[in-house]
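Working notes for the structure below.
The values are calculated or read from the model by the stated rules, or taken from the named source; none is laboratory data. None of the values given here were measured: they were computed from a predicted structure. Here the Cβ positions follow ideal geometry from the backbone for every residue, glycine too, while neighbour counts run over all protein chains shown. Quick note on the areas: whole protein, heavy atoms, side chains included, nothing else; ligands and nucleic acids left out. Shrake-Rupley method; radii C 1.70, N 1.55, O 1.52, S 1.80 Å.
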Amino acid sequence: MSLPPPLKNDCFALPPGHHWTPVDEALEALRTALTPIVGTETLPIFRALGRVLAADVTAQRANPPYANSAVDGYAVRAADWPGAGPFTVPLVPGRSAAGAPFLGDIPPGHAVRILTGAMVPAGVDTVLLQEDTSANATEIAFHGPLKPGANIRKAGEDLTKGASALPKGARLRPQDLALLAAIGVSQVTVHTPLRIGVLSTGDEVVNASDPAQPHQIYDANRPMLLAQIAAWGFQPVDLGLVPDNRAALAARLNQGAQQADMILTSGGASAGDEDHVSALLDQTGSLNLWRIAMKPGRPLALGLWEGTPIFGLPGNPVAAFVCAHIFAKPAARALSGEGWQLDQGFTVPAAFTKKMKAGRREYLRARLNADGGAEVFASEGSGRISGLSWATGLVDLPEGERLVQPGDPVRFLPF
Ligand code: AMP
Ligand code: MG
């Protein structure tokens, strides 16, 4: 197993010159700074679902490996039967079936029975569909004209031997496993899964399974972030809940740095008295407090703890969710070996009115209506978790003062 180079202490530095950094510049900073931090291993394809290829894969064998029939019917040499016919053609005894090829000679002017998937015997080049013929035990009759090569899948028509099949960085899906098997690749070199730790912070936060005092709230972020990580295809690691206590938080981060390759914390990421995530990262000299020109969002605290990248997300669940989706997800992909790729959005008509103020990009909780238009949640209040639950995606409204009206094109980012 090979170990990748560590991240640099200043990897989360943002370009200077902004009071509030635009989202695209923050993403660009992540793109240039983050490289794969996971090792590699070789796995049989049966255990490789969801893994990320660590090397390009080329075909060890052509697909299909030999010319074969696409239908049940009869194989002939097209040049023997020019014109419209009708023709009556003698059959050679025997047949070519899948897994049981016909190995005899086929003299000119003869046909041979052939079944779907069977190797096309030497001496014939065209297959007649059974339904287009009438046959008895010794001969078949059909009308021309014949199309040479009809109903035959050529050797290598999908992939030739040595052709590139899947690129490094591809996350293997069921259909990719089919492709690998078909081209004779039974094991693959993949990255070890990126383990992402999730840690909640706050004196007011308690586990949903525990009784809550009147001044306490339930930990909504941890189940949410752990589930987001699993949904993105990474390995979630539950690092629990810690109070606003610097020593306790440091101890838990130490543990997290052992158990995870990347850590998402929520809460305590600003610059207040009880914002211990940012304070601890500051002590390592790696802290960058990101002030992103976006809504929802507050400072994000990014840094390294024992070499492990930490994304200090805001405590507010809506902001934590959106910041995780917009920043942590592409960052995790880059760290996992998948390479830099942002989610694909699509343009839909707005089904809402919204007055945009200057200076901030906004991500609205949204869902598509029956006409394919984007509706947004009635309240933009960042404490409204029900709006997050109602939404199936975000409407991404770029910075700039303007009035967005029904029918205007907007970008929808599905979750
Ligand atoms: P903070 O970022 O720590 O200032 O927290 C911002 C807001 O998010 C506060 O109202 C917190 O009570 C709330 N909050 C912090 N952590 C969580 C959590 N794990 N679940 C739900 N709300 C939280
Ligand atoms: Mg807090």
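Return yes or no: is Pro243 open to solvent by 10 Å² or more (accessible area, probe 1.4 Å), within 16 Å of ligand 2 (Cβ to nearest atom) and within 27 Å of the chain's Cα centre (by Cα)?
no
Gly303 - would you say it is outside any helix (DSSP H, G or I), crowded, with 21+ Cβ neighbours inside 10 Å and within 16 Å of ligand 2 (Cβ to nearest atom)?
no
With the structure loaded, tell me whether Ala351 is within 28 Å of Gly312 (Cβ to Cβ) and modelled with pLDDT of 95 or more or whether it fails that test.
no
Out of (1) in the same structural domain as Asp244 (by TED's automatic domain parsing); (2) not in a loop (DSSP other than H, G, I, E, B), what's the single condition that is false for Asp210?
(2)
Test each condition in (1) surrounded by fewer than 14 Cβ atoms within 10 Å (Cβ to Cβ); (2) touching a strand residue (DSSP E or B) at 6+ places or on another chain (Cβ under 8 Å); (3) not in a loop (DSSP other than H, G, I, E, B) for Gly407 and report the one that comes out false.
With (1) surrounded by fewer than 14 Cβ atoms within 10 Å (Cβ to Cβ); (2) touching a strand residue (DSSP E or B) at 6+ places or on another chain (Cβ under 8 Å); (3) not in a loop (DSSP other than H, G, I, E, B) applied to Gly407, the lone miss is (3).
Only residues that are buried (at least 19 other Cβ atoms within 10 Å of the Cβ) and closer than 14 Å to Val237 by Cα: list them for segment 258-298, please.
Ala260, Asp261, Met262, Ile263, Leu264, Thr265, listed by residue number.
Among (1) within 15 Å of ligand 1 (Cβ to nearest atom); (2) modelled with pLDDT under 95; (3) touching a strand residue (DSSP E or B) at 6+ places or on another chain (Cβ under 6 Å), there is one condition Leu239 misses while meeting the rest; what is its number?
Unmet for Leu239, out of (1) within 15 Å of ligand 1 (Cβ to nearest atom); (2) modelled with pLDDT under 95; (3) touching a strand residue (DSSP E or B) at 6+ places or on another chain (Cβ under 6 Å): (2).
Okay, residues lined up against (1) exposed (fewer than 11 other Cβ atoms within 10 Å of the Cβ); (2) assigned by TED's automatic domain parsing to the domain that holds Ala293; (3) touching a residue at least 60 places away in the same chain (Cβ under 8 Å):
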position: Asp371; (1), (2), (3): yes, no, no
position: Val376; (1), (2), (3): no, no, no
position: Ser382; (1), (2), (3): no, no, yes
position: Leu388; (1), (2), (3): no, no, yes
position: Gly393; (1), (2), (3): no, no, no
position: Glu399; (1), (2), (3): no, no, yes
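Among the residues of segment 174-200, what is the count of those that are of a type outside the set (A, V, I, L, M, F, W, C) and open to solvent by less than 30 Å² (accessible area, probe 1.4 Å)?
Residues that pass the stated criteria total 5.
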